[in-house]
Structure formats: C-alpha cells, structure tokens
Amino acid sequence: PEKKEILLEAIKADRKNYAAYYFLGYFYENSILNSDKDKAIEAYEKGLEINHKQGYVIYTRLGDLYLDRNDFINARKLFEKGVIYFPKTSRPYFDLAVLSIRMGKIEDAFLYIEKSIEKADKEWPDDKFKRDYEKIPSIVILIRTYFHINQYNKGFEIFYDAYSDMADILSESYLDEVVNMMKSENEKIKETHKELYKKNIEKFKDLEIIK
C-alpha cells in the first residue's frame, strides 16, 4: 500500500497517533508526486495539538513551511515554541536566526546564531562530530550574514577557520553549495576589495577549492 494510505489507516485506528500525523505531514511536504503544503501544515498542526513536546523537528518543519509563505508571524511563534520546549537544543535558535535575516533584523540574527553555537557546544561537549554537525549550519548562516552587511574580511576569516570541519561534516552537495557561495562572494569584491580578492584566490588554491 502507498505510504499515505498506511498513515491514514494508522490515524483512523488511533486519532491520537501524533507520530502518524507527523509522518503524514512529512509525506505531503516532501512527496514528489503528491506534494501538498496545505495538507502538510494541517497534519503537522494536528500532531502538535495531540503532543506539543514530540520533538523540535516538527516546529522547524512547520515553521519553515510558514516561512516559505512569508508568514513571519506564525513562523516566529513556532520557532519560539521550539526554544521554550527544547531549551537545550541549538536548532530552534538557528531557525530564529534565519527568520531574523529574512525580516532584516540583523542584530537579532547575530544574537540567535551566537546562542545556537553556544547550545551546540553545551549539548555535545565530548562529541566533536555531533557538536560540529549542529554548529556548522549556524556558522554558514553567520558567514552569509557578515557578507550581507559587507563585512567580507570577517566572513572569509570564519570560512577558513571552519573549512576543515565543513569538509568532514557536510554532504558533498552542501559543501559545494557553500564553496560556490564563497567563490561568488569573492568575485563580487574583485574591484572593490582587490587585496582581499587576491588573498582569497591564493587561499582557495591552498585549500584546493580552485586550481
């Protein structure tokens, strides 16, 4: 049977099966043939009605769906609930940082990024892989934010410091995306920051980002 039908049967058998609502929402959100964001939102919200502490991931997914619609109010409510119910987890702060950038609230974004990195350090003090896995998305957003306010030296400095960990943690496609962003940002400053541009070219060669 189709995944959707299995989940609908599970819900029919137990109307309080919050996990089935979550996976149904995930199905509607990500299905190639049956994608339906409205139904995804409906399923996620129903799951939260039944159990609002089932995991921060549902707050992230539902908040992101609202963010995709530029519904900043509902996105913020969900991300803030993620912070309230899962205060030791870094991801809700990352979500609020992304929202703040979208809203043009750069100072808030820096605060949330700092908090996200801090939480990751505390959550995984003895596990570098898990700690870096949680931190690196925040570091990427931090770099983007510095570029957004034209603090290019700072953005490139953070990238070089974190590149080795990025290469270890990120998927090949995500790493390529980050590297391409760095190369693109460097091209933007070719005429305005000539010395930094040249320095970056040499650094890219050292890291074998370019030949």
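Pairwise Cα separations in the stretch 116-208 fall into 5 Å bins from 0 onward with the following percentages, short to long: 3, 13, 24, 23, 17, 11, 6, 2, 0. Based on the reciprocal of the average 1/r between different C-alpha atoms, the Kirkwood radius for the stretch 33-95 equals 11.8 Å. A 1.4 Å probe run over the chain, with the rest of the protein chains in place, finds 59 Å² accessible per residue.
If you scale each eigenvalue of the Cα gyration tensor by 5 and take the root, what three semi-axes come out for the stretch 54-136, rounded to whole angstrom and sorted largest first?
22, 14, 10
Protection proxy ranking, highest mean first, for peptides 41-50, 154-163: 41-50, 154-163, where packing is the per-residue count of other beta-carbon atoms within 10 Å, averaged.
Candidate membrane-span-like segments in the chain, meaning DSSP H helices with Cα atoms spread over at least 27 Å of their own axis and a Kyte-Doolittle mean of -1.0 or above, are 128-148, with no membrane implied. The distance separating the Cα centre of the stretch 131-189 from that of the stretch 38-65 comes to 30 Å. Rolling a 1.4 angstrom probe over the stretch 1-126 with all protein chains present gives an accessible area of which 52% lies on carbon and sulfur atoms. With the convex hull drawn around the C-alpha atoms of the chain, the volume per residue stands at 150 Å³. Estimated from the Cβ-Cβ distance and a Förster radius of 25 angstrom, the FRET efficiency linking Asp121 and Leu207 is about 0.50.
Using the rule -39500 (n - 2.57) for each DSSP H run of four or more residues, divided by the residues of the chain, the 222 nm mean residue ellipticity is -25500 deg cm²/dmol. Could you calculate the FRET efficiency of Ala13 with Tyr85 from 1/(1 + (r/R0)^6), where r is the beta carbon distance between them and R0 is 22 Å, rounded to 0.05? Result of the calculation: an efficiency of 0.20. Only lysine pairs 8 or more places apart or on separate chains count here, and in the stretch 27-112 those with Cα atoms under 29 Å apart total 19.
Modelled label positions at Asn180 and Leu111, each set 7 Å beyond Cα in the direction of Cβ, lie 3.5 nm from each other. Contact order for the stretch 99-211, expressed relative to its length and based on alpha carbon pairs under 8 Å spaced 6+ residues apart, stands at 17 percent.
Counting only pairs 8 or more residues apart or on different chains, how many lysine pairs in the stretch 109-184 have their Cα atoms under 26 Å apart? Lysine pairs, 8 or more places apart or on different chains, close enough: 16. Placing pseudo-labels 7 Å out from each Cα toward the beta carbon at Ile50 and Lys3 gives an inter-label distance of 1.8 nm.
The values are calculated or read from the model by the stated rules, or taken from the named source; none is laboratory data. None of these values were measured; they are calculated from a predicted model. Because the Cβ atoms are built from the backbone with ideal geometry, glycine has one as well, and the counts that use them run over all protein chains shown. Each accessible area value is taken on the protein alone, full model and side chains, heavy atoms only, with ligands, DNA and RNA left out. Shrake-Rupley method; radii C 1.70, N 1.55, O 1.52, S 1.80 Å.
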